[in-house]
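So the structure is just underneath, and the comments pick up after that.
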Amino acid sequence: MRLILEKRKATSQKAFYIVPIVSFIVALILGAILLLITGVSPIKTYAAMVKGTFGSMHVFSETLVKATPLMLTGLGVATAFRMRFWNIGAEGQFVFGGIAGAGIALFFNDFISSWLVLPAVIIGGMVAGALWASIPAALNAYLGVNETLTSLMLNYVAVLFASYLYYGPWRDQQGFGFPGTARFSEEAWLPRIFGRVHFGIIFAIIVAIILWFIFNRTRWGFELKVIGENKVAAKYLGIKISKNIVLALLLSGAISGLGGASEVAGISRRLQAGLAVGHGYTAIIVAWLAQLNPIAVIFVAILMGALLVGGDQVQLMMGLPAAVGLVLQGLILFPMLAGSLFTEYRLKIIRPEKIVAGKIESEA
Amino acid sequence: MIQLITTILAITLRAGTSLVYATIGEIYTENSGILNLGVEGTMFLSAVSAFAVAYYSGNVWLGFLVAMLVGGVLGALHAFLSVTMRANQVVSGLSITLFGTGLASFLGQRLGPAENNFNLAGISGPRLTIQAIIGLNKIPVLGALFSQDLITYSTYLLIPIAWYYLYKTRNGLNLRAVGESPITAEAMGINVVKTRYLYTIIGGILIGLGGAHLTLSYTPGWTDNITGGRGWIVIALVIFAMWNPARAVLGAILFGGINAIQFRLQAVGATIPSSFLNMFPYLATILVLIIMTWWETLSKRLGAPAALSIPYMREDK
């Protein structure tokens, strides 16, 4: 008798929902063990995290603040992953969105009428993100260059370019040596809704709804899905793969760029070092946990944002390292990754008599 | 001037040591067809483990040993997720980086002595001493090769051995066969699953060793940003070396050299902004990728593993 994995005929809907929930519980248990080993009460820690993220309107608003860039980059990543284009360059696209937004806010506000400044910042961010994403897209679509590696390398180029700007030519002369640009003038500020929650979250929700519609209700969404599942079949259906890769990546980069522009215009209101803190990488995990469903991305991003804020709160209240939140984020992923196998495969017990001439007859 | 070049070369080799180990480790892993993006997290976690163990035991070598163990375990985890559970390799590797950096940062603030508020940062532990080879270290320029620590000296052996094993032995051929075409390899009687596990674990061990060199020799000591993106540079270096351990050394020296030159440039009031200098390796890597893809015959000869990051599922055939 032995166990083998058999491919399911259709992905399991039950596993699709159970796996993330079980993963979350497993992560909490593993995290509790880690906390116990290092001599901290897990119950107190978790209680502090929940209280520190959802306990009051103020802390909940901070959770949403942290979640907003994760939502937008997560949606951007999900768009590319939909056709199994492994764009891991959301970080760079996000940063370039921030650079462009800051550039427009700082240097163009004298030339355009004041009500146009904010739309220009936002649209500029989207265009910059799209252009940055178009590099790995075009290289892959027309030359076949591995997109994972190019998009990853471009992240560093973008982050270094941003640091060149705020340490160098764009640095605020009155900043007392603080590495960052001057504060934007007020017409470039993205309005805040409550606390520090800004309009970026509205953008995220609108984008999520649009993407949901594109993915599920349009021919283009269907084409992207076919490309992801079977490139050969896509070709026979007459789908233009190269063109779709570039188009989808322009959209993907634009969404991440929107995230970057919203972040600089809504939170820091200047370009500074805190912009690139790995949102683009966490976004991959957000998209993955949400199983590339744009509506689910919004909720997963809130959960991941809560873990980050929860970490900060645990540091404030209990003097524990804020990295607790990061550890928990990481711990959710392992059972999730391992469990995702069961959405596509099922375990099957093979009894010896079923093995005919050493070969296993599989139904799939 | 010669003295300056010698000093820069010596610093370059020291800065490059962790890169050489991790790059050779990742080259072995990728040659088996597994892309491990967990290098940054693995280096980070092994760096903190090495430092904590060395600090409490007073023994540097025990620190290196534990770091290798940590690296091996994370390698095994990546192999389990991406080979056995068929998880997406990109996501699995990134998860290891996220988890590794998070846990390392957490442990760095928990494992320290109580009088330092449980923090490992800012305390000094044992470090690997530089053992200059008297006589040889006085040679102009090349003397830099002979005023290093034992771990750096070991790379002089590791690089040729890693190259020889990969290209001149039966095991190396099998390894490359698995990365090139797992189906063919399986037909040749090679156990694909076992091979991928083995070299992902070995890769992790070498990455762990590289991480330990940071806290026990190069820096030394623990700070919360000790790897400073070295794990990502390793990913770039593997491509830059075109998956060949012998070429890894050139890349590591180039990248390590950029590090070393930067300090000098800053000292003399540099005209080239350091951001652009730091960008160079990544841009060069993209260029290498483009040339290799474009010139496919060249890439075949240089040995980019064709099945890299493509999961192998025997049951799906």
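Only the coordinates and a few stated rules stand behind these numbers; no lab work does. The model shown is predicted, which means the values in this text are computed figures rather than measured ones. Note: ideal-geometry Cβ built from the backbone for every residue, glycine included; neighbour counts use all protein chains shown.
If I stretch the segment between A:Glu229 and A:Arg217 completely, what's the gain in nm (0.36 nm per residue apart, minus their alpha carbon distance), one decimal? The partial results should precede the final answer.
Values: separation 12, 0.36 × 12 = 4.32 nm, distance 1.76 nm.
Contour length minus the Cα-Cα distance gives 2.6 nm.
Take every residue in peptide A:151-162, count the Cβ atoms of other chains within 10 Å of its Cβ, and give the average of those counts.
Details: counts 1, 9, 14, 3, 2, 10, 9, 2, 5, 9, 3, 1.
For peptide A:151-162, the averaged partner shielding equals 6.
Quick one: which of B:56-68, A:183-195 comes out on top by average Cβ neighbours within 10 Å, and what's the full order, highest first?
Working: B:56-68: 19.2, A:183-195: 16.0.
Averaged packing, sorted descending, gives the order B:56-68, A:183-195.
Calculate the dipole size of segment A:226-289 relative to its Cα centre from +1 charges on Lys and Arg beta carbons and -1 charges on Asp and Glu beta carbons; express the result in debye to the nearest 20. Kindly include the intermediate steps, with their values, before the conclusion.
Details: 6 positive and 2 negative charges, 45 e Å.
Computed about the Cα centre, the dipole is about 220 debye.
Do the sum for chain A: with -39,500 (n - 2.57) for every DSSP H run of n ≥ 4, divided by all residues, what is the mean residue ellipticity at 222 nm, to the nearest 500 deg cm²/dmol?
Details: 14 runs with 246 residues, N = 364.
Computed mean residue ellipticity for chain A: -23000 deg cm²/dmol.
Quick one: B:Val178, A:Val300, fewest Cβ neighbours within 10 Å first, how do they rank?
A:Val300, B:Val178
Under 19 Å from a point placed 7 Å out from the Cα of A:Trp115 along the Cα-to-Cβ direction: which residues of segment A:250-267 have their backbone N that close?
Within reach of a label on A:Trp115: no residues.
With each run of n ≥ 4 DSSP H residues scored as -39500 (n - 2.57), what mean residue ellipticity at 222 nm is computed for chain B after dividing by its residue count and rounding to the nearest 500 deg cm²/dmol?
Details: 12 runs with 209 residues, N = 317.
That calculation yields -22000 deg cm²/dmol at 222 nm.
Would you kindly derive the ³J(HN,Hα) couplings of segment A:35-52 from the backbone phi angles with the Karplus curve 6.51 cos²θ - 1.76 cosθ + 1.60 (θ = phi - 60°), listing them in order in whole Hz, with x for Gly and Pro?
5, 4, 4, 8, x, 10, 6, x, 5, 4, 5, 5, 4, 5, 5, 5, 4, x
When only Cα pairs under 8 Å and 6 or more residues apart are kept, what is the percent relative contact order across chain A?
Working: 634 pairs, mean separation 133.5, N = 364.
Answer for chain A is 37 percent.
Once you charge only the Cβ atoms, +1 for Lys and Arg and -1 for Asp and Glu, what is the size of the charge dipole of segment A:208-324 about its Cα centre, to the nearest 20 debye? Mind dumping the intermediate values first?
Working: 9 positive and 4 negative charges, 113 e Å.
Roughly 540 debye for segment A:208-324.
Apply 1/(1 + (r/R0)^6) to the Cβ-Cβ distance of A:Gln13 and A:Phe54, taking R0 = 35 Å, and write down the FRET efficiency to the nearest 0.05. Intermediate results must be reported in sequence, preceding the final value.
Details: r = 29 Å, r/R0 = 0.83.
The formula returns an efficiency of 0.75 here.
By its C-alpha gyration tensor, with a ≥ b ≥ c as the square roots of the eigenvalues, how is segment A:149-193 shaped: rounded for a/c under 1.5, else prolate for a/b larger than b/c, else oblate?
Values: a/c = 3.61, a/b = 1.41, b/c = 2.56.
In terms of gyration-tensor shape, oblate.
By how many degrees, 0 to 90 and rounded to 10, does the Cα axis of helix B:39-57 deviate from the longest principal axis of chain B?
The angle comes out at about 50 degrees.
What list of ³J(HN,Hα) values in whole Hz, one per residue of segment B:239-245 in order, does the Karplus curve 6.51 cos²θ - 1.76 cosθ + 1.60 (θ = phi - 60°) give from phi, with Gly and Pro shown as x?
Working through the residues one at a time gives 5, 4, 7, 6, 6, 10, x Hz.
Please work out whether the protein assembly as shown counts as rounded, prolate or oblate from its C-alpha gyration tensor, where a ≥ b ≥ c are the square roots of the eigenvalues and a/c under 1.5 means rounded, while otherwise a/b larger than b/c means prolate and anything else oblate?
Rounded is the answer for the protein assembly as shown, as its axis ratio a/c remains below 1.5.
Where does each of A:31-40, A:320-329, B:32-41 land if you order them by average Cβ count within 10 Å, highest first? Mind showing how you got there, number by number?
On the way: A:31-40: 15.3, A:320-329: 24.9, B:32-41: 29.3.
So the peptides A:31-40, A:320-329, B:32-41, ranked by packing, come out B:32-41, A:320-329, A:31-40.
Mind giving me the nanometre distance, one decimal, between the label points for A:Glu187 and B:Met188, set 7 Å out from Cα along Cα→Cβ?
My value for the distance between the label points is 6.8 nm.
About the Cα centre, and with charges only on the beta carbon of Lys, Arg (+1) and Asp, Glu (-1), how big is the dipole of the protein assembly as shown? Nearest 20 debye, please. It would help to have the intermediate numbers written out before the result.
Details: 45 positive and 27 negative charges, 276 e Å.
It works out to roughly 1320 debye.
Return the long-range amide H neighbours of A:Ala182 (sequence gap of 5 or more, or a different chain), with a cut-off of under 5 Å between placed amide H atoms.
A:Asp172
Checking the table A:Lys14/A:Lys235; B:Lys168/B:Lys194; A:Lys14/A:Lys348; A:Lys14/A:Lys66 against a 23 Å threshold on Cα-Cα, which pairs fail? Kindly include the intermediate steps, with their values, before the conclusion.
Details: A:Lys14/A:Lys235 32 Å; B:Lys168/B:Lys194 21 Å; A:Lys14/A:Lys348 17 Å; A:Lys14/A:Lys66 31 Å.
In this structure, A:Lys14/A:Lys235; A:Lys14/A:Lys66 exceed 23 Å between Cα atoms.
Which distance in Å, rounded to a whole number, links the C-alpha centroids of segment A:260-319 and segment A:190-244?
20 Å
Amide H to amide H, which residues 5 or more places from B:Ile123 or on other chains are under 5 Å from it, using H placed in the peptide plane?
B:Trp222
Report, to the nearest 10°, how far helix A:241-263 tilts away from the longest principal axis of the Cα atoms in chain A, using its own Cα long axis and a range of 0 to 90°.
Compared with the principal axis, the helix lies near 50 degrees.
Between B:Ala212, B:Pro140, A:Leu139, whose Cα lies farthest towards the positive end of the dipole of the protein assembly as shown when Lys and Arg beta carbons carry +1 and Asp and Glu beta carbons carry -1, centred on the Cα centre?
A:Leu139
Once the dipole of the protein assembly as shown is set up with Lys and Arg at +1 and Asp and Glu at -1 on Cβ about the Cα centre, which of A:Gly253, A:Ala80, A:Leu106 lies farthest towards its positive end?
A:Ala80
Per residue of A:335-346, what is the mean number of Cβ atoms on other protein chains within 10 angstrom of that residue's Cβ?
Details: counts 0, 4, 13, 8, 2, 6, 5, 1, 0, 3, 5, 0.
So the per-residue partner count for this stretch is 4.
In terms of modelled amide H atoms, which long-range or inter-chain residues lie less than 5 Å from the amide H of A:Tyr345?
A:Arg8
Among B:Ile235, A:Thr343, B:Val20, whose Cα sits farthest toward the positive end of the charge dipole of the protein assembly as shown (+1 at Cβ of Lys/Arg, -1 at Cβ of Asp/Glu, about the Cα centre)?
Value: A:Thr343.
Answer rounded, prolate or oblate for segment B:1-141, using the Cα gyration tensor with square roots of eigenvalues a ≥ b ≥ c: rounded when a/c is under 1.5, else prolate when a/b is larger than b/c, else oblate.
Numbers: a/c = 2.48, a/b = 1.30, b/c = 1.90.
Note, shape of segment B:1-141 comes out oblate.
Applying the Karplus parametrisation 6.51 cos²θ - 1.76 cosθ + 1.60 with θ = phi - 60° to the phi angles of segment A:12-28, what ³J(HN,Hα) value in whole Hz is obtained for each residue in order, glycine and proline being reported as x?
7, 5, 5, 4, 3, 8, 6, 4, x, 5, 4, 4, 4, 5, 4, 4, 5
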